[in-house]
1. Looking only at the stretch B:188-213, count how many residues are among the charged types (D, E, K, R) and without any contact (Cβ under 8 Å) to a residue 12 or more places away in the chain.
2. For the stretch A:192-213, what are the residues that are among the hydrophobic types (A, V, I, L, M, F, W, C) and away from chain B (no Cβ under 13 Å)?
3. From the list A:VAL6, A:VAL50, pick out the single residue that is at pLDDT 85 or above and touching a Lys or Arg at 6+ places or on another chain (Cβ under 6 Å).
4. Checking the structure you have, find out if any residue of the stretch B:165-173 is farther than 19 Å from A:LYS198 by Cα, surrounded by 15 or more Cβ atoms within 10 Å (Cβ to Cβ) and within 12 Å of DNA strand C (Cβ to nearest atom).
5. What is the number of the single condition among (1) more than 14 Å from chain B (Cβ to nearest Cβ); (2) at pLDDT 95 or above that A:THR108 does not meet?
6. Could you grab me the full set of residues in the stretch A:174-191 that are more than 9 Å from DNA strand C (Cβ to nearest atom) and either at the interface with chain B (Cβ under 10 Å from one of its Cβ atoms) or more than 26 Å from B:ILE161 (Cα to Cα) (or both)?
There are 2 protein chains.
Amino acid sequence: MEKIKVLIADDHQILLDGLKAILTKDRSLNVIGTACNGLEVLEFLKTETVDVLLLDLQMPIMDGLETTMHVKKSFPNVKIIMLTTNDEGSIITSLFKVGAIGYLLKNTSKKYLIQGIKDAHEGKKVISSHLTEKMIESLVENPKVKEGTIPKITKREIEVIKLIAQEYTTQEIADALFVSTNTVATHKRNLFVKMEVKNSVGMVRKAVDWGLI
Amino acid sequence: MEKIKVLIADDHQILLDGLKAILTKDRSLNVIGTACNGLEVLEFLKTETVDVLLLDLQMPIMDGLETTMHVKKSFPNVKIIMLTTNDEGSIITSLFKVGAIGYLLKNTSKKYLIQGIKDAHEGKKVISSHLTEKMIESLVENPKVKEGTIPKITKREIEVIKLIAQEYTTQEIADALFVSTNTVATHKRNLFVKMEVKNSVGMVRKAVDWGLI
DNA sequence: ATCAGTATCACACAATTGTGTGATGTCTCC
DNA sequence: GGAGACATCACACAATTGTGTGATACTGAT
């Protein structure tokens, strides 16, 4: 059977060596190269075919996120597993959006790491259970917003915000709510003060942040 | 030991009866009421103390999401478990933001359901593993956006979007990027067309949606 | 009964945004 | 070495947004 061609990228030489040593012992894996930043990864991919790419999240020059986006664009067949020491839930959510297939903590056991590479090669998703939990927590106990800081927004005001968010003009909002444009303008004015924003863009962003719409 | 006071809300009478029958059999649970929509739930809570609320996601008049928000605001101590038949990943993410403590599929086994109620009562998070997977999938294979539909946005344009999102005026953006206001206006014009939006509000929202900023 | 909060409207004016059209220099890629 | 994408700028004008100030009316709570 064809060996799985693996490329490892990490800015710490020691970790790079360690990973290589571990993975080389498995007879179904073939570590065909290493890189210490995203640019090197892209260079490598131009000349060699890679099945699975192990990518450190924190790297200088081009980090894991950015690298993933570039690799996915030019070499969509490469399966990318993100390695991270990060246990903050907040970042994890965004990790899921860039197109990698797996996310493992660096302290994952050898066995699980190797199995993860094989799974990823077959198109299976690979996620450290610890990371999954963290991610859920970051969603559940949304730390993005401190409750006390949210001012009271009335129903009517929320209606206005929602319509603004849908790209309605003041005139259109007035028509939709059967009030005058002056009234809508007043609502907006009040909202700007309450929400401490300068314009509709800021207002809509905060409203989304606060889960108002 | 005090029994756990449970309120069940679902618009299907049959499911309501079924759940009640199942839960009543457990001697540590006490089903003190049922409701068929969110308004009834709120009414009930005004007169009775409830420990755990089982809430159907799909209900007429006031659905699970909305109900949860209201309940959490007025009765923050009530532990809410959302029941759902929904297996679309997309909705699940938003479920995590409204403050419920658990999310279970309706076809969960009796045993797991009862255990879930007990766990929720103790403040533990309760999530069907199936739902967890779906949620991750919805993040990984983000269906919110069809890849092909995202137009090419240049670096410079993204810089402009970011500043707009931070409530910069055109003049301020021009100063920040050392270009004329005309240039900024042109970038915006081009972006509006590319992104198919009518104004900055829509643009920033889409940019956030697409993970550009 | 009074007060705070909400919702409504008016008028006027300044500031900003958005549109239409056209132009120039610099890239890269084939 | 031309085509196309990108970034830059100008000028003019329409449309919309944002601000300042003041007013009326309804409601619910003290």
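The values are calculated or read from the model by the stated rules, or taken from the named source; none is laboratory data. Every value quoted in this text rests on a predicted model; they were computed, and no experiment measured them. Note that each Cβ is placed from the backbone with ideal geometry, even for glycine, and that neighbours are counted across all protein chains shown.
1. First, pick out the residues of the stretch B:188-213 that are among the charged types (D, E, K, R): B:188-189, B:194, B:196, B:198, B:205-206, B:209.
Filter once more, so that each one left must be without any contact (Cβ under 8 Å) to a residue 12 or more places away in the chain: B:189, B:196, B:198, B:205-206.
Looking only at that region, the number is 5.
2. From the stretch A:192-213, those among the hydrophobic types (A, V, I, L, M, F, W, C) are A:192-193, A:195, A:197, A:201, A:203-204, A:207-208, A:210, A:212-213; that's our starting set.
Result: A:VAL193, single match.
3. Details: A:VAL6 fails: touching a Lys or Arg at 6+ places or on another chain (Cβ under 6 Å).
Result of the check over A:VAL6, A:VAL50: A:VAL50.
4. No, the stretch B:165-173 has no match at all.
5. Condition not satisfied by A:THR108: (2).
6. Taking the stretch A:174-191 and keeping what is more than 9 Å from DNA strand C (Cβ to nearest atom), we get A:175-176, A:188, A:191.
The answer is A:ASP175, A:ALA176.
Let's see how each residue does on (1) of a type outside the set (Asp, Glu); (2) in contact (Cβ under 8 Å) with a residue 12 or more places away in the chain:
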site: A:ILE153; (1), (2): yes, yes
site: A:GLU159; (1), (2): no, yes
site: A:GLU167; (1), (2): no, no
site: A:ASN182; (1), (2): yes, no
site: A:THR186; (1), (2): yes, no
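Residues checked against (1) more than 16 Å from DNA strand D (Cβ to nearest atom); (2) modelled with pLDDT under 95; (3) more than 10 Å from chain B (Cβ to nearest Cβ):
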{"position": "A:GLY123", "(1), (2), (3)": "yes, yes, yes"}
{"position": "A:HIS130", "(1), (2), (3)": "yes, yes, yes"}
{"position": "A:GLU133", "(1), (2), (3)": "yes, yes, no"}
{"position": "A:PRO143", "(1), (2), (3)": "yes, yes, yes"}
{"position": "A:ILE150", "(1), (2), (3)": "yes, yes, yes"}
{"position": "A:LYS155", "(1), (2), (3)": "no, yes, yes"}
{"position": "A:GLU159", "(1), (2), (3)": "no, yes, yes"}
{"position": "A:ILE164", "(1), (2), (3)": "no, no, no"}
{"position": "A:TYR168", "(1), (2), (3)": "no, no, no"}
